[in-house]
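Worksheet for the structure shown next.
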Amino acid sequence: MEDEEGRRHAILGGSTAHIWTACTGSVALCRDIPKEAPSESALQGTEGHSIAEIVVEDFLEHKISGSDPGIRSHLTAKSPEMLEAAHSYRDAIWINILEQSITGKAYGLEELVTLDKNLEMYGYVDFWTVFKDDHAKKVLAQVDYKYGYYPVEIKKNPQVAFYLVSMRKELQRSGIDIDYARGAIFQPRKPRGDVYTEVRYTAKQLDAWEKKFFTAAEKIFITKKTSLKVGEHCKFCPAKNGVCPAYAKHIANKSSLALIDPKKALKTLPSPETLPDETIRNIILIKNELISWVKGISSYGVSRNKAGSPIPGLKLVEGATRRKWPSEDSHERIGEKLKETGLEDPYKPPQKILKPISQIETELKKLGVKDGKKFLDPYVTRTNPTLTLVSEEDSRPKVKNALDILQESSDDSYPDSDIEL
Ligand code: SF4
């Protein structure tokens, strides 16, 4: 499986190490879950990373050879916010890790590091460097760039440890070992706390981490003695969305709702005044987890259907669409037409961008246009319909999935009359 940058995802990778080390059963459960299209924030993260990589790479090259540090600024200028974050990342590396000198330091950016190829244990390190410190100790340092908002804790962070252990393993393969390692996280959009955090590990502590990774790998691939363990790590596990029985049980227990026994599952939702106080309290305390679980189940069902493996009794239909203005370059033309009705100012300041459709309708009504919706029809367009799962008995036509299309095309290719028996 590859990500949007064309990188192959390891089964036991660095970015998921916090899940598979804590819950060895997650690997088998996640293997067959259809991969969803990357979210908006994942795409932003990818773009933020590529801008950061260019900024740091060109800066360090400049320090070494005197080349222009802005030589690829045409590639980084498209998002000022990402560029500013990349500059802070560059400064954190330069000041905190490299101590303002690149002399005698080996380094690399966005590099694949492998702990064990056969066990699919590898990951991509955002920035690493190896050098001797003032006391002639060999140091390996690594910085992980996190562009998301969710605050990531550096202490006992399996991803950071995984990269350090893997990087050290690469060095050991070349006959080099280190005295200690520094792992850092730089998270420019972190909502609270320091954006730069760092942890140090002795070689012995890295040995312990390595043992932990291989113990989990052995359970997963060799002895196959895995177990499902619910915890904080479930937040990022795709199996929590309707696939993992342990997580469903955890939600059921915490919320006091019978969610996993089909016979007991809620058919109609009870009104709040009929619920015991304890149940109300439990539901409120895990409200966010419940909402995200239900949303996750829904998107899992949609993915299954699209992939041609629908949930029996459900079908995919087109949901509602919303009216919207066409692209901004047509706003002035529409605005001038609207002005002919007597509408004085159809635009939102400061540019000639139209006000929201509902607001224009209200203003038209004040001018005596009775059916504003009909009046605006020639000027508006509609959003693409969302896809939603409904009961098979729903009267709306089903949206074809991959299997339907395949079947149709094979029916077309071999019409009955053409088949020779
Ligand atoms: S949801 Fe939690 S318990 Fe279930 S497989 Fe994922 S990590 Fe394990």
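Some observations on this one:
- The overall shape of the chain is oblate: from the C-alpha gyration tensor, with semi-axes ordered a ≥ b ≥ c, the ratio a/c is 1.5 or greater and a/b is no larger than b/c.
- Whole-Å distance, taken between Cα centres, linking segment 297-360 and segment 155-170: 46 Å
- Rounded percent of accessible protein surface that carbon and sulfur make up, segment 97-139, 1.4 Å probe: 44 percent
- Inter-label distance for Arg382 and Thr341, nm, one decimal - labels placed 7 Å from Cα along Cα-to-Cβ: 2.0 nm
- Angle between the chain longest axis and helix 158-173 axis [Cα atoms, degrees, rounded to 10]: 40 degrees
- Angle between the chain longest axis and helix 287-306 axis [Cα atoms, degrees, rounded to 10]: 80 degrees
- Highest mobility in the GNM of the chain, judged by mean-square fluctuation with C-alpha springs under 10 Å and restricted to Ile360, Ile54, Ile251, is found for Ile360.
- Spatially, segment 31-72 and segment 9-23 are offset by 22 Å when compared through their Cα centroids.
- Three-way shape call for segment 89-235 based on the alpha-carbon gyration tensor, with the a/c threshold at 1.5: oblate
- Rolling a 1.4 Å probe over the heavy atoms of the protein chains gives the chain an accessible area of 59 Å² per residue.
- Note on Lys398 and Ala307: their simple-model spin labels are 1.8 nm apart, each label 7 Å out from Cα toward Cβ.
- Calculated FRET efficiency for the pair Lys117/Glu36, C-beta based, R₀ 35 Å, to 0.05: 0.80
- For segment 57-196, share of DSSP beta bridges that run antiparallel, in % to the nearest 5: 70 percent
- Accessible area, probe 1.4 Å, largest first, for residues Arg90, Arg396, Arg189: Arg396, Arg90, Arg189
- Pairs beyond 25 Å (Cα-Cα), from Lys138/Lys235; Lys235/Lys287; Lys35/Lys190; Lys190/Lys229: Lys138/Lys235; Lys35/Lys190; Lys190/Lys229
- Cα gyration tensor, segment 24-128 - rounded (a/c under 1.5), prolate or oblate: oblate
- DSSP-defined beta bridges in the chain - what % are antiparallel, rounded to 5: 80 percent
- Nearest-ten-degree value, helix 357-366 long axis tilted from longest Cα axis of the chain: 30 degrees
- Hypothetical label at Ala28: residues of segment 223-252 whose amide nitrogen lies under 20 Å (7 Å Cα-Cβ projection): 223-231, 234, 237-250
- For the chain, the 222 nm mean residue ellipticity estimated from helices alone, with every DSSP H stretch of n ≥ 4 adding -39500 (n - 2.57) and the total spread over all residues, rounds to -11500 deg cm²/dmol.
- Other residues whose C-beta falls under 12 angstrom from the C-beta of Val143 contribute a net charge of -3, scoring Lys and Arg +1 and Asp and Glu -1.
The values are calculated or read from the model by the stated rules, or taken from the named source; none is laboratory data. Bear in mind the structure is a predicted one, so any value in this text is a computation, not a measurement. Quick reminder, even Gly has a Cβ in these numbers, built from the backbone with ideal geometry, and neighbours come from all protein chains shown. These area figures cover heavy atoms from the full protein model, side chains too; ligands, DNA and RNA do not enter into them. Shrake-Rupley method; radii C 1.70, N 1.55, O 1.52, S 1.80 Å.
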